[in-house]
1. Please report how far the C-alpha centroid of segment 123-166 lies from that of segment 13-86, rounded to the nearest whole angstrom.
2. If you compute Cα extents along the principal axes in Å for the structure shown, which of (1) 51, 36, 33; (2) 67, 49, 38; (3) 64, 44, 33 do you land on?
3. Roughly how many debye, to the nearest 20, is the charge dipole of segment 25-155 about its Cα centre, given +1 on each Lys and Arg Cβ, -1 on each Asp and Glu Cβ, and no other charges?
4. Just to be sure I understand the model, the point goes 7 Å from the Cα along the line to the Cβ. What's the resulting Arg37 to Arg123 distance in nm?
5. Listing Lys114, Lys94, Lys14 from the residue with the fewest other Cβ atoms within 10 Å to the one with the most, what is the order?
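Please treat every number below as a calculation from the coordinates, not as lab data. Every value quoted in this text rests on a predicted model; they were computed, and no experiment measured them. Using ideal geometry, Cβ is built from the backbone for each residue, glycine included, and neighbour counts are taken over all protein chains shown.
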Amino acid sequence: MADLTTHDESVASKDPVASLAGQVRHASPGTLARLRRLDPLTYPRAALFERERMLQSAGITALGADRERWALVLHCLALVQGRHDPRTDAEPGKVLHGLHFSEARLEQLIEADKPLLFSLMPRIARRLAAAGATVNWRPLVDLLLGTSCDDPQREARADEARQRLVRHFIGAQGLAEADALRGVAQEA
């Protein structure tokens, strides 16, 4: 029996974040370099062919400001060389705590508006890359796509992402404190 799935259905069912991450991991060194230099706000035409090819291949049809947000996601994924891990042990809040990301920095991230997020996200990506850390980008992407957005559903997903970031950060903080107390108790 023939496969009745159309191209549009198969594109719509894929996770765009995982698709972009995979494309970045397999990109040529030149493409990766152009995507790493990309700044969707100050130079929106940079890496235009590579960016559009990858966004289209991931099934991303957004236009205007939303396309700009997805371009930033692609830029950040290029900075971390496509390292994306959807497993629960790669939650961004937990990973950022492990990288000694301060509570004040996390607060700045979750309270940021769109312009500040466009500044903070590449910095976070560079920090993750420098540490060789892999993170689940989905909550960070939801935060970026929904912050200062007119769509109530996307804004709700951004709020969920904020809560998720804080919850996992605090959870990692609690585990670190418990480990420290156990270490002190064993020394005594």
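1. For segment 123-166 versus segment 13-86, the Cα centre distance is 15 Å.
2. (2)
3. Around 700 debye, computed over segment 25-155.
4. 2.4 nm
5. Fewest-to-most ranking of Lys114, Lys94, Lys14: Lys14, Lys114, Lys94.
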